[in-house]
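Notes for the one structure printed next.
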Amino acid sequence: MIHENLLSVLDDFLAFLSRIHVDGIVCFDLSVLAMAEKNGLADLIIYRPGTMNTNSYDPWFFRKLKIKGLTLSKDITLEELISIGEDYQGMEISLVGHGYLFLFYSKRPLLKDYFEYKHAKTDFLNDESFRLAEQARHGEYYPIYEDKFGTHIFRSKKLQSFNEIKVMRPYLSDLFIERMFLADTEYFEAIAAYCDERLEASFLTRYGHGYDSGFYYTKTAPKKGAEL
Amino acid sequence: MMKPELLAPAGDLERLKVALLYGADAVYIGGTKFSLRSRASNFTLKQIEEAVAFAHARAKKVFVTANIVLHNEDLVGLDEYLSALEAIGIDGVIASSPYVIDRAMKHPLLAIHLSTQQSVTNSALVNFWAGYGVKRVVLARELSLSEIRAIRQKTTTQLEVFIHGGMCASYSGKCSLSNDMTDRDANRGGCAHSCRWNYDLYKGSDLLSKDYDFQMAAKDLQTVRFIPDLMDCGIASLKIEGRMKSLHYIATVVNAYRQVIDDTAAGTLKGWEYYEAEIARAENRETSFGFLKGDTTPEQQIYRRENEEPSQDFVGIVQDYDALAKIATIAQRNAFRIGDTLELFTPDRGHQIFTLSHLMDEAGIPILSANHAAQTVKIVTPYAMEPYDLLRKVQ
């Protein structure tokens, strides 16, 4: 998230990206678009907020702002993703389809605060080895990671989309793979498997136990007790 | 010094009336659709109409939240809903989804406020949304006072800042813990508050925590001491969180901040302890000043959950008063009995303390105690009372 003191840094970075002629600028925070507009770079922006871009109107809205593309929400079903793809095809649509997807982003330094509370001296910054286990969810370990911008928590399972991507292919310009917490071999083999269908089975045989299908087939309830 | 708007939550009509009577300049409410806070008892269009009539008769305002992150299945009916809100004459709609914002713009009488669900953290984004037609931006709760001041200096758009109530551990709108752990959609009103659960922390396979004592929960926000600075900044609206809070909580917290704002403007501030003690009577939850002094520390987190049971001080609300007989009709909310020392808490007539000597049931038959839930009773009182006055037990 871009706070006021980072606006000038962002401005300089956008100018740099413009000078080197990057093909796109993926952003989590809409502030990047706000600053890119001022610099005439809106047409490079790919807006990827994670929780948002959940309905068929969102691509229309952002097309008006003349951005390059939109990454759909990680929290909606395959049926909803297809529906959005079918409704509009004049803008680059992308998906985060593989790896540990984030669940939570806090400005609070939760690891730092916890170790201070416990009077424990533990290195934690930018360390990918921490996991959380919720009291009632045995065997589920959620990666937690702290950097200088705050604390991030990720799903306990990795997402894979080998089948779903075949269905979504007509609508997608890009498939993103999340790199964090993946070993190099697993990461490179995933890329290879998405590029060559014949490698999918061996990938899943080797790594499949840690993967699931995210929200592709899980509909979340809008309210407590609501019918799904 | 200009007084900012004091904006209070309301989960139903009774709480809305109490919020406005006890000092709020405006209230925000949710309809039965398109609004977060699913467990708050949201308003029907007919109730919104009554709410607006009550508020406007007192030169006060009603804003309606339509701040969920919409899925395709949620798009249906929005235009009709916004048309109805415009016809009723609400003072603004609080939105986060581009669809709601765009559709609301088709209704020229509806002012659009950008919800904190968009987590706006800088002036560039405030001005971006203002340029799009948004009238007011609710700033993210993660901002320090100096950041708020810096943003204020770089925009002419109305800014709204949270001053009291619950805090998400995450940036608002950036959390799916509840979605993942419970299949309840945090961004469509289903949040299960997974950030308030107990966790163990591992580094690799080493357990670092003990008995699930890793917690993310944040203390509630309480900013009494920062109100003069926020007023000096030129913040348009000071917002209290809590559409699911009780009537007593709303009355007490609103009234305390009303006094802080008025006393600041008049240069007659009492000691901070006075206002903070008053607020502390509303709810037994730990509080802190959030991010207003900058990055948070362990002091802003909850590690050992204390008893959060609400105070039993609040015993009833006045429904009617017979000035000749000096008898008030009370809707009981917590048990009380003859001999108790009670405090009459009013919106604008101060506080009075008396010992209860005469208590009757609804038919006027003397009783010793009012110990049935929601019982209607009558009391003889030495002080004149009015509907929506509250009675609290003095411990």
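The values are calculated or read from the model by the stated rules, or taken from the named source; none is laboratory data. All of these numbers come straight from a predicted model, not from anything done at the bench. Here the Cβ is made from the backbone with ideal geometry for all residues, glycine too, and neighbour counts use every protein chain on show.
Checked against (1) within 11 Å of chain B (Cβ to nearest Cβ); (2) in a loop (DSSP other than H, G, I, E, B); (3) touching a residue at least 24 places away in the same chain (Cβ under 8 Å), A:Met52 meets all criteria but (3). Condition first: more than 7 Å from chain A (Cβ to nearest Cβ), part of a helix (DSSP H, G or I), farther than 23 Å from B:Met167 by Cβ and among the small types (Gly, Ala, Ser). Can you find one or more residues in segment B:129-137 that meet it? Within segment B:129-137, one or more residues are more than 7 Å from chain A (Cβ to nearest Cβ), part of a helix (DSSP H, G or I), farther than 23 Å from B:Met167 by Cβ and among the small types (Gly, Ala, Ser).
Scanning segment A:114-152 for residues that are at the interface with chain B (Cβ under 7 Å from one of its Cβ atoms), part of a strand (DSSP E or B) and of a type outside the set (Gly, Ala, Ser) gives A:Phe130, A:Arg131, A:Leu132, A:Glu134. Here segment B:113-128 is the region considered, the condition is being part of a loop (DSSP other than H, G, I, E, B) and among the hydroxyl-bearing types (Ser, Thr, Tyr), and the residue that is farthest from B:Val93 (Cα to Cα) is B:Thr121. Here is the figure for segment A:25-41: residues that are crowded, with 19+ Cβ neighbours inside 10 Å and of a type outside the set (Ser, Thr, Tyr) total 10.
Flag not set for A:Leu95, criterion: touching a Gly at 6+ places or on another chain (Cβ under 7 Å), crowded, with 22+ Cβ neighbours inside 10 Å, more than 9 Å from every other protein chain (Cβ to nearest Cβ) and among the aliphatic types (A, V, I, L, M). Which residues, taken from segment B:239-282, are part of a loop (DSSP other than H, G, I, E, B) and buried (at least 21 other Cβ atoms within 10 Å of the Cβ)? Across segment B:239-282, the qualifying residues are B:Glu241, B:Gly242, B:Arg243, B:Lys245, B:Ala282. Of the residues making up segment A:15-38, none is part of a helix (DSSP H, G or I), farther than 28 Å from A:Arg155 by Cα, within 13 Å of chain B (Cβ to nearest Cβ) and β-branched (Val, Ile, Thr).
Condition test on B:Ser119, is it within 21 Å of the chain's Cα centre (by Cα) and crowded, with 23+ Cβ neighbours inside 10 Å? Taking the combined requirement at face value, the residue satisfies it. Being under 18 Å from A:Glu178 (Cβ atoms) and surrounded by fewer than 20 Cβ atoms within 10 Å (Cβ to Cβ) is the requirement here; does A:Val22 meet it? So A:Val22 fails the test.
One line per residue, one yes/no per condition, for (1) within 18 Å of the chain's Cα centre (by Cα); (2) at pLDDT below 95; (3) under 26 Å from B:Asn255 (Cα atoms); (4) of a type in the set (A, V, I, L, M, F, W, C):
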| position | (1), (2), (3), (4) |
| --- | --- |
| B:Gly30 | yes, yes, yes, no |
| B:Ser41 | yes, yes, yes, no |
| B:Lys61 | yes, no, yes, no |
| B:Asn72 | no, yes, no, no |
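Any chance segment B:176-191 includes a residue that's more than 9 Å from chain A (Cβ to nearest Cβ) and either surrounded by fewer than 18 Cβ atoms within 10 Å (Cβ to Cβ) or in contact (Cβ under 8 Å) with a residue 24 or more places away in the chain (or both)? Taking every residue of segment B:176-191 in turn, none turns out to be more than 9 Å from chain A (Cβ to nearest Cβ) and either surrounded by fewer than 18 Cβ atoms within 10 Å (Cβ to Cβ) or in contact (Cβ under 8 Å) with a residue 24 or more places away in the chain (or both).
Just to be sure, is B:Tyr202 aromatic (Phe, Trp, Tyr), at the interface with chain A (Cβ under 7 Å from one of its Cβ atoms), surrounded by fewer than 23 Cβ atoms within 10 Å (Cβ to Cβ) and at positive phi? The answer is no for B:Tyr202. Of all residue pairs spaced 6 or more apart or on separate chains, those with beta-carbon atoms under 6 Å, a first member in segment A:154-183 that is at pLDDT below 95 and of a type in the set (Phe, Trp, Tyr) and a second member that is surrounded by 15 or more Cβ atoms within 10 Å (Cβ to Cβ) and outside any loop (DSSP other than H, G, I, E, B) are A:Tyr171/A:Gly85; A:Tyr171/A:Ile93.
When we screen A:Leu111, A:Leu95 for residues that are within 27 Å of A:Phe203 (Cα to Cα) and not in a loop (DSSP other than H, G, I, E, B), the only hit is A:Leu95.
Free of Cβ contacts under 8 Å to residues at least 12 places away in the same chain, within 12 Å of chain B (Cβ to nearest Cβ) and either of a type outside the set (S, T, N, Q) or out of contact with any Gly (no Cβ under 9 Å at 6 or more places or on another chain) (or both): is that true of A:Thr77 in this structure? Can you show your working first?
Values: free of Cβ contacts under 8 Å to residues at least 12 places away in the same chain: no; within 12 Å of chain B (Cβ to nearest Cβ): yes; either of a type outside the set (S, T, N, Q) or out of contact with any Gly (no Cβ under 9 Å at 6 or more places or on another chain) (or both): yes.
Taking the combined requirement at face value, the residue does not satisfy it.
Kindly evaluate B:Gly165 against the criterion of being buried (at least 18 other Cβ atoms within 10 Å of the Cβ), under 19 Å from the mean Cα position of the chain (by Cα) and within 11 Å of chain A (Cβ to nearest Cβ). Considered against the rule, which asks whether it is buried (at least 18 other Cβ atoms within 10 Å of the Cβ), under 19 Å from the mean Cα position of the chain (by Cα) and within 11 Å of chain A (Cβ to nearest Cβ), B:Gly165 comes out as no. Filtering segment B:316-328 for residues that are part of a loop (DSSP other than H, G, I, E, B) and buried (at least 16 other Cβ atoms within 10 Å of the Cβ) leaves an empty set.
Going through segment B:72-116 one residue at a time, which ones are at the interface with another protein chain (Cβ under 9 Å from one of its Cβ atoms) and either among the aromatic types (Phe, Trp, Tyr) or closer than 17 Å to B:Leu36 by Cα (or both)? Residues satisfying the conditions are B:Asn72, B:Glu73, B:Asp74, B:Leu75, B:Ser96, B:Ser97, B:Pro98, B:Tyr99, B:Ile101. Screening B:Cys233 against (1) surrounded by 22 or more Cβ atoms within 10 Å (Cβ to Cβ); (2) touching a residue at least 24 places away in the same chain (Cβ under 8 Å); (3) within 14 Å of chain A (Cβ to nearest Cβ) leaves a single unmet condition, (1).
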